[in-house]
1. Using 1/(1 + (r/R0)^6) with R0 = 35 angstrom and r between the beta carbons of residue 39 and residue 85, what's the FRET efficiency to the nearest 0.05?
2. Mind sorting out which of [x] 16.0; [y] 16.6; [z] 15.4 is the real Kirkwood radius over Cα pairs in Å computed from the coordinates?
3. Round to the nearest 0.05 the FRET efficiency obtained for residue 26 and residue 123 when R0 = 30 Å and r is the Cβ-Cβ distance.
4. For the chain, give me the percentage of DSSP beta bridges that are antiparallel, rounded to the nearest 5 percent.
5. Before rounding to the nearest 500, sum -39500 (n - 2.57) across all DSSP H runs of length at least 4 in the chain and divide by the residue total; then give [θ] at 222 nm in deg cm²/dmol.
6. Mind sorting 63, 97 by how few other Cβ atoms lie within 10 Å of their own Cβ, fewest first?
7. I'd like the FRET efficiency for residue 100 and residue 76, computed as 1/(1 + (r/R0)^6) with the beta carbon distance as r and R0 of 25 Å, rounded to 0.05.
8. If you take every DSSP beta bridge fully contained in region 13-85, what fraction is antiparallel? Give it as a percent rounded to 5.
């Protein structure tokens, strides 16, 4: 008798704790250009899913809040960084910084969750250095 086939993981989706699902949906949609995929039926909302470019983040109302962290790989940071800076309502944890593993930046959502964005590191900027605007505008 042969062994059963192993279960296959279809995907993984981060689930972030939020105090107010409606407010979080608004933050992700207006501040980061995510779209609303679906939400539950309860009022106030208990759970929802937002996504960008087919990659989802679920938002779940929880008490007490326990902040999480999500890595979000992107093809480049310059346009996202410009949007975040122009918004004025997004808490910046780390400006774009060139690291050995990535050119990355971190922001907080309204509930303290860290959104850690990153792309390939710049080749001509020292590692561990914050990236100047003109360097970010060059192709990363």
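Read-outs throughout are calculated quantities, based only on the coordinates presented, and are distinct from any laboratory measurement. Predicted model, so just to flag it, every value in this text is computed and none were measured. Using ideal geometry, Cβ is built from the backbone for each residue, glycine included, and neighbour counts are taken over all protein chains shown.
1. Approximately 0.75, to the nearest 0.05.
2. Label [y] holds the value from this structure.
3. 0.20
4. Antiparallel bridges: around 70 percent, rounded to the nearest 5.
5. Rounded to the nearest 500, it is -3500 deg cm²/dmol.
6. 63, 97
7. 0.85
8. 70
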